[in-house]
1. Could you pull out which residues in the stretch 154-196 have an amide N less than 16 Å from a spot 7 Å beyond the Cα of Arg140, following the Cα-Cβ vector?
2. Could you tell me the calculated FRET efficiency between Ile123 and Ser156, based on Cβ-Cβ distance and R0 = 30 angstrom, to the nearest 0.05?
3. Given a Förster distance of 51 Å, report the FRET efficiency between Met364 and Arg196 from their Cβ-Cβ distance, rounded to the nearest 0.05.
4. Quick check: residue separation of Asp338 and Met297 times 0.36 nm, minus the Cα distance between them. What number comes out in nm?
5. If you count, for each residue, the other Cβ atoms within 10 Å and average over each peptide, how do 285-291, 225-231 line up from highest to lowest?
6. Within a Cβ distance under 14 Å of Leu151, other residues only, what is the Lys/Arg minus Asp/Glu net charge?
7. With the cut-off at 1.5 for a/c, could you classify the stretch 1-145 from its C-alpha gyration tensor as rounded, prolate or oblate?
8. Mind listing which chymotrypsin sites (Phe, Trp or Tyr not before Pro) in the stretch 190-255 are in a DSSP loop and have 15 or fewer other Cβ atoms within 10 Å?
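The values are calculated or read from the model by the stated rules, or taken from the named source; none is laboratory data. All values derive from a computational prediction rather than experimental measurement. Because the Cβ atoms are built from the backbone with ideal geometry, glycine has one as well, and the counts that use them run over all protein chains shown. The area values use the complete protein model at the heavy-atom level, side chains included, leaving out ligands, DNA and RNA. Shrake-Rupley method; radii C 1.70, N 1.55, O 1.52, S 1.80 Å.
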Amino acid sequence: MDDGHIPYYHPAWIEIDLKQFKINLSIIKKNVPDSLLCLPVKANAYGHGLVAMAKTAVNGGVDYLAVSCLQEGILLREEEITLPILVMGAIHEDQIPSLLKYNLDFSISSHLKATMVSKVCSIQKKSCRVHIEVDTGMQRTGMRPHTALALLKELSHNPWINVVGIYSHMATADQPNHAIANQQISIFNQVVDEARLFMHHIIAHLANSGGVVHYPSSYFDMIRPGILALGYYHHATSSFADIKPFLSLKAKVSYFKVVPKDSGISYGHNYKTNRDSRIITVPVGYGDGYRRSLSNMALVLIHGKLYPVVGNICMDQCMVDIGDDAVFVGDEVSLIGDHPHISLNDIAKLCHTIPYEILCNLSMRLPRVYLS
Ligand SMILES: *Cc1c(COP(=O)(O)O)cnc(C)c1O
């Protein structure tokens, strides 16, 4: 599986070890045996490649997929993925016919949207599957609990709209024992109890990765861990300790030169060599998602040894000082991977952001190479 790219013909690439991904999924399933597993694959599966990750998830026993938008749902259906797919983001009126056509589950978070959907369904004589989104404290999308329950009651008589789920999203679940998280769980619990009085088979779901790791009371009928399945959940407790990341960003050295002492390197010359130096060029830049704020900060790994990125990172290239060592054009460089100082967490910290943001910004031009 290579998502349509030709592996290795581009001198920089992302390597993804699907075996570890499957191990991660099985650890999650083992720890949460009584809930369905929904895998969020939004934003190109957090940069890992939407279709390959979804197909592997299907084989790995995932029950449900979640995407952020219609477009991602269509891509999956066009690859003949038949699992239920929930579009989590707010839907717009002009998307309703396509949501129906591709048999996507979608969120309803207002009375108005429900009316729009019902209208299109009745014209097309097609029913649909929806999840009612309740806002229990995130203040992003979702209906307040009492409004959600009123709508649920109303929809229980609607011949077109089949309510298959009710869900909410946690704002602080990455922190154990957080008051807001506990409050959201308790509010959701009440809503679900009341909903069950007239909708017995509804799938209730709340937990993101933080919920799965820290709040067993947030499991309900289905869990939605994204970053945990990818191995980047940071504060994993012992039962999830064997979950590991499986993505690396690699490239082949594209150029080598020796520069004299006091040479400025790259745009702005804000790095100067303090001795005669061997400088190599790596064909990865901020256009690939290797952020410019890593300039003069990040390290890369070559032949098991760490070297500094020197000078400003360019759009498509960056430079590395290899001291007196021997590195040749074509040698492999790891920029992100499972090694101290180049782990995604380390890279994200240097950029003052979270691993999620670095992953999502890994450019489409980097081929994804899947190891299985
Ligand atoms: C992104 C998202 C998730 C997954 O979040 P992680 O922190 O990656 O586990 C779950 N539910 C919703 C609604 C989301 O938007």
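1. Once the point is set 7 Å along Cα→Cβ of Arg140, 167-175, 181, 184-185 turn out to lie under 16 Å by backbone N, inside the stretch 154-196.
2. Given R0 = 30 Å and the Cβ-Cβ separation, E is 0.85.
3. Computed FRET efficiency for Met364 and Arg196: 0.75.
4. Length difference between fully extended and current span is 13.0 nm.
5. 225-231, 285-291
6. Value of the local net charge: -1.
7. Numbers: a/c = 2.14, a/b = 1.58, b/c = 1.36.
Prolate shape, in that a/c is at least 1.5 and a/b is the bigger ratio.
8. Values: sites: Phe198, Tyr219, Phe220, Tyr232, Tyr233, Phe240, Phe246, Tyr255; in loops: Phe198, Tyr219, Phe220, Tyr232, Tyr233, Phe246.
When the chymotrypsin sites (Phe, Trp or Tyr not before Pro) of the stretch 190-255 are filtered for loop state and at most 15 Cβ neighbours within 10 Å, Phe198 remain.
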